[in-house]
Amino acid sequence: MPMRTRAGALLAVAATGLALGATLASPADAAPKPAPKFLAASELPPHPSSSWTAGKVTDGAPDNLLSCLRETLPGYDSRYRAFHTDLDTSALQLTIVVGDTGKAKALATRLNKDIRTCATQLEQADPEVEATHRDYGTLPVEEGARVHGLHIEGSWGSSDIKLLSVGRDGGTVTVVEWGQLGDFADAPVKAFRKTTTKAVDKLY
């Protein structure tokens, strides 16, 4: 083989090897996707007489999560942060990293359905309970979010109001829950919508 032809062939092989090496190295060199961020205490609906305190971000799902959602969550990679005031108001954020966009969309749909049907489930489980659901509509943030209200009243005189939302960004879903004693008139819907928007914006 002439010297010039041999040199050209060697250069071609070297170039191919460099290109292949770059292709093989790229996945390892790619930066890992950052973990979803959680709400800060200051981003929750303001309480008129007490500040919010935020707990640590914890693996799993909280024991006090609304019962209607618990059966849907096992098997998912989830983390949560709980919040409380010095009085009767509490909140939590649960974030589920699904990874696959289609599966995350299906999970968000299922969780919204669980919340919509929760009033009926609670009444069927306990004849001493009356529950009412309200749909406060969607929010135009990332892949979308929906806000719900749930009033739960017991025959023994208890009255609890909850605001819940489900939002999604790509393959990650978040659920935000706020609750206190009272009824729909006591629910800070406008402020909770802002909280939900911030929660979804923080996912990535």
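Taking segment 98-112 as the region of interest, how many residues are of a type in the set (A, V, I, L, M), in contact (Cβ under 8 Å) with a residue 24 or more places away in the chain and open to solvent by 20 Å² or more (accessible area, probe 1.4 Å)?
Total satisfying the criteria: 1.
Examine segment 146-154 for a residue that is without any contact (Cβ under 8 Å) to a residue 24 or more places away in the chain and under 28 Å from residue 50 (Cα atoms), and state whether such a residue exists.
No: segment 146-154 contains no residue that is without any contact (Cβ under 8 Å) to a residue 24 or more places away in the chain and under 28 Å from residue 50 (Cα atoms).
Out of (1) of a type in the set (Phe, Trp, Tyr); (2) part of a loop (DSSP other than H, G, I, E, B); (3) within 20 Å of residue 67 (Cα to Cα), the odd one out for residue 204 is which?
Only one criterion is unmet by residue 204, namely (3).
Residue check, residue 95 against (1) touching a strand residue (DSSP E or B) at 6+ places or on another chain (Cβ under 8 Å); (2) open to solvent by 70 Å² or more (accessible area, probe 1.4 Å), all met but one. Which one?
The one condition residue 95 does not meet is (2).
Show the residue pairs that are 6+ apart or on different chains and have beta-carbon atoms under 8 Å apart, the first residue being within segment 157-175 and farther than 17 Å from residue 194 by Cα, the second being of a type in the set (Phe, Trp, Tyr).
From residues that are farther than 17 Å from residue 194 by Cα, the pairs are 161/184; 170/204; 172/204.
Filter segment 176-193 down to the residues that are touching a residue at least 12 places away in the same chain (Cβ under 8 Å) and not hydrophobic (A, V, I, L, M, F, W, C), then identify the one that is farthest from residue 146 (Cα to Cα).
Of everything passing the filter in segment 176-193, 182 is farthest from residue 146 (Cα to Cα).
The values are calculated or read from the model by the stated rules, or taken from the named source; none is laboratory data. If you're wondering where the values come from, they're calculated on a predicted model, not measured in any experiment. With ideal geometry, Cβ positions are generated from the backbone for all residues, glycine too; neighbour counts draw on all protein chains shown. Only protein heavy atoms, including side chains, enter the accessible area calculation; ligands, DNA and RNA are left aside. Shrake-Rupley method; radii C 1.70, N 1.55, O 1.52, S 1.80 Å.
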